[in-house]
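What follows is a single structure, written as structure tokens, with notes after it.
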Amino acid sequence: MRHPLERDGNWLVAGTVGCQDGEGRPLTGPAQLAVRDGLIEHLAPVAGDGPRPTGALVLLPLFVNAHDHGRGAGNVTAGIPDGPLEEWIASLHRHPRSTQGELVGQGGALMLASGAGATVICVNPQGPDARAEVVAAAEAALDLGVRAAIVYPMADTMGELNGRARDAVGWDADETARRLDEVEEIAAKFEGPLVDVQLGPSGPQWVSEATLRAVGHHAALTGRRVHMHLLESRAQRAWADATYPEGIVEFLDGAGLVGPGVCFAHGTQLRADELTALARRGCVLALNASSNLRLCSGIAPVALARQSGVALGAGLDGLALGDDGDYWTELRLLRGIEQAQTGRTVVAADLIELLAAGGRAALGRAAPLPPAPGRSADFVLLDVGGYEHLFDQAGWTAADVALATGRPGRVAEVWVGGHRAYRRALSGAGAPA
């Protein structure tokens, strides 16, 4: 890691979100937090006659970017304009390429400064050697000090961007087996408390049936998680309906790719019955509202997805609305979309905790636990200075204040896996003692 390992700290926080005390009870109100040697030694409410917070920090669970590709400093910096998904993909070859290490390192640094100290990285190969690029992505994540699920890319029919034929021929069995062996080799080298290695068929429209079934079989044998795109664009919806009239989710289920070990990304064009099927089988869906808007794909189905009961995460897809890795804007956008879709206020704490839980499921073995005594220090400290008065007003919880005011410049610290992975250059009030 390029930063020093800091593993101790003490704070008085003005509010908590998604945290527990030593008895497993939800924490609310001011609290005292102590970290010793990377573990949360103490996390408890401040006694009525105890010391009061002098600053305005809110303690939150570590944010999980549940779907990303590691796009470096952003598409705008790279000169890549927004546009309809299929046209946008076809245009990427016209722009300069960076190394995988640079893409994941720079993109990860933006996420980390926003509080997303954990991420799913679907590696987009910049050349023919997928193994080398997955290794580079894992090394970049470890160097940055974040938790990461590194997804090995598999796409053997992507020459047809609008979708393959049902009987399309992709890799032969030997090539597919070679790539699956590479996944296990990479996992043996990198997997640990901070890294999970996952299988990444890019999407059913770009992977042959034989390869999809082989991935499903391998996942069943090894318990390895699968992360894949599903029905991101209108073109993909049209392809699925024409190619699999019996239902694309039904086909994927038969291929062994629907279940609790699977996270789907986007799902912008999923219908209510398909979302219910995913929920019934225990899948995770990573929503990507900003990306869907920028790539003309549609509106994230936030309300339908929550009504179905499917586990949900929030992903930036390397395409945050401001091209800046801002996870807070993504949260506000998802909340606003659901409120527009339902006509009802979305409770801030419920949304934050729901997306944190879904993101943890998507991360697999690299997932953090919510902050509680005895656990590894995995959390975000947000400086809400200037808005302290809201804590004393009806209708404002710590989660409400955090969601309304949060942005990268207000993230004071991010702790990941027992160490301080990020600290704002200019510390605000309430910095560790």
Subset of region 131-157 that is of a type in the set (Gly, Ala, Ser) and open to solvent by less than 10 Å² (accessible area, probe 1.4 Å) - its residue that is farthest from His67 (Cα to Cα): Gly145
Pair list, Cβ under 7 Å, 6 or more apart: region 18-47 residue on the phi > 0 side of the Ramachandran plot, other residue open to solvent by 10 Å² or more (accessible area, probe 1.4 Å) and in a loop (DSSP other than H, G, I, E, B): Gly18/Pro370; Asp37/Arg7; Asp37/Asp8; Gly38/Arg7
Some residue of region 287-297 being surrounded by fewer than 20 Cβ atoms within 10 Å (Cβ to Cβ), in contact with a Pro (Cβ under 8 Å, 6 or more places away or on another chain) and not aliphatic (A, V, I, L, M): yes
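Return the residues of region 267-286 that are among the small types (Gly, Ala, Ser) and either outside any helix (DSSP H, G or I) or buried (at least 24 other Cβ atoms within 10 Å of the Cβ) (or both); say none if nothing qualifies.
The initial filter retains those residues of region 267-286 that are among the small types (Gly, Ala, Ser), namely 267, 272, 277, 279, 282, 286.
The answer is Gly267, Gly282, Ala286.
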Where Gly318 falls short, out of the listed (1) in contact (Cβ under 8 Å) with a residue 40 or more places away in the chain; (2) open to solvent by 30 Å² or more (accessible area, probe 1.4 Å); (3) of a type outside the set (D, E, K, R); (4) at positive phi: (2)
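Answer with yes or no whether Glu160 is more than 24 Å from Ala138 (Cβ to Cβ) and open to solvent by 50 Å² or more (accessible area, probe 1.4 Å). Give the steps one after another, and end with the answer.
Numbers: more than 24 Å from Ala138 (Cβ to Cβ): yes; open to solvent by 50 Å² or more (accessible area, probe 1.4 Å): yes.
Yes.
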Among the candidates Ala265, Ala272, residue that is touching a helix residue (DSSP H, G or I) at 6+ places or on another chain (Cβ under 8 Å), under 26 Å from Gly343 (Cα atoms) and not polar (S, T, N, Q): Ala272
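Taking the condition buried (at least 23 other Cβ atoms within 10 Å of the Cβ), touching an Asp or Glu at 6+ places or on another chain (Cβ under 9 Å) and of a type outside the set (A, V, I, L, M), does Asp68 pass?
Here the answer is yes, as Asp68 does meet what is asked.
Taking into account only those residues within region 380-402 that are touching a residue at least 24 places away in the same chain (Cβ under 8 Å) and surrounded by fewer than 21 Cβ atoms within 10 Å (Cβ to Cβ), which is nearest to Arg147 (Cα to Cα)?
Within region 380-402, the first condition is being touching a residue at least 24 places away in the same chain (Cβ under 8 Å), and the residues that meet it are 380-388, 391, 397-402.
Applying the additional criterion that residues be surrounded by fewer than 21 Cβ atoms within 10 Å (Cβ to Cβ) yields 385-388, 391, 397, 400.
On the way: Gly385: 28, Gly386: 31, Tyr387: 31, Glu388: 31, Phe391: 32, Thr397: 28, Asp400: 26 Å.
Checked region 380-402; the qualifying residue nearest to Arg147 (Cα to Cα) is Asp400.
Which helices (runs of 4 or more DSSP H) sit wholly inside region 48-145 and have at least 1 residues that are under 16 Å from the mean Cα position of the chain (by Cα)? Write out each step before concluding.
Details: elements: 85-91, 100-113, 130-144.
Where helices (runs of 4 or more DSSP H) fall fully within region 48-145 and carry at least 1 residues being under 16 Å from the mean Cα position of the chain (by Cα), they are 100-113, 130-144.
Among the residues of region 325-354 satisfying the criterion of being closer than 23 Å to Gly22 by Cα and among the hydrophobic types (A, V, I, L, M, F, W, C), which is least open to solvent (accessible area, probe 1.4 Å)?
If we filter region 325-354 for residues that are closer than 23 Å to Gly22 by Cα, which is where we start, we get 349-350, 352-354.
Right, trim to among the hydrophobic types (A, V, I, L, M, F, W, C) and you get 349, 352, 354.
On the way: Ala349: 26, Ile352: 6, Leu354: 56 Å².
Going through the qualifying residues, I end up with Ile352.
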Long-range neighbours under 8 Å by Cβ, at least six apart or interchain, first residue within 14 Å of His67 (Cβ to Cβ) and free of Cβ contacts under 8 Å to residues at least 60 places away in the same chain within region 287-314, second of a type in the set (S, T, N, Q) and not in a loop (DSSP other than H, G, I, E, B): Ser290/Thr329; Ala300/Asn292
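The values are calculated or read from the model by the stated rules, or taken from the named source; none is laboratory data. Worth saying up front: this structure is predicted, and the values here are computed from it rather than measured. Here the Cβ is made from the backbone with ideal geometry for all residues, glycine too, and neighbour counts use every protein chain on show. Accessible surface is based on the protein model in full, side chains and every heavy atom, while ligands, DNA and RNA are left aside. Shrake-Rupley method; radii C 1.70, N 1.55, O 1.52, S 1.80 Å.
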